[in-house]
Structure formats: C-alpha cells, structure tokens
C-alpha cells in the first residue's frame, strides 16, 4: 500500500509541476492509453470497459478543444480535427468499430509526437539562451 501512495504522490507532483506544454503531452499520452485499452476491451468483448475507456478518451479530446487559443490561426485548423476525432470515438463506441478507434489513435499519436518535438525544440532554445548569458 505504501508503494501505491508514493506513486500517487509522484504522479500528483508531476502534474502540479508540469508546464502547460507538458500537461498537453500528458493529455495526449492518456488519450492514447485509453484508446488502446478500449481496443483491447472491444476485442475481449468487454463492452462496459470499452465504453468507459472511450468516454475517458472523449473527455481528454474535449479538454484539448476547450484549451485551444482560438485567436491563434493554427487552432482554427486543429479544432476540426479534434471534432472529427470526437465523432469517430462516438461512432466507434456505438458501432463497436475497432478501425475507427485505430484511426483516432493514429491522429492522437501524430499530435503527441509533434507536440513532443515542439517541447524538445523549446527546451533546446531555452538551454541555448541560458548558455549564452
């Protein structure tokens, strides 16, 4: 039990000290985890668990949609993709369609990988600025 509490404290600390960019990365990773679990649940005919995991993925996509800065041009391009992912998740849940889940997983993975590169590039620039001071 002590190990579980320590891990939970570590997770809470990681979230509480994360930058906005790191939180977004955590959201993408969580969404990927829930979609993969929903695929497994669907293949195992565990429809209750599938439904729960798809809803968790939908909630994450919803959070990503809400936090978009609509004044930034790229947000206007990202929003329809998030809306598409939401629709596909809903359809996958209703129709028990693994292919739709896999399609959304591809999108989320690509967003996550791109976001990871942005964070790394940002860190490199900050490090370069710090080294030149």
| query | Can you pull out the residues in the range 103-133 that are closer than 30 Å to residue 45 by Cα and touching a helix residue (DSSP H, G or I) at 6+ places or on another chain (Cβ under 7 Å)? | reply | 103, 104, 105, 107, 108, 109, 111, 112
| Any idea which residue in the range 40-54 is farthest from residue 90 (Cα to Cα), counting only those that are in contact (Cβ under 8 Å) with a residue 24 or more places away in the chain and surrounded by fewer than 19 Cβ atoms within 10 Å (Cβ to Cβ)? | 43
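Only the coordinates and a few stated rules stand behind these numbers; no lab work does. In this text the structure is predicted, and so the values were computed from the model without any measurement. Here the Cβ is made from the backbone with ideal geometry for all residues, glycine too, and neighbour counts use every protein chain on show.
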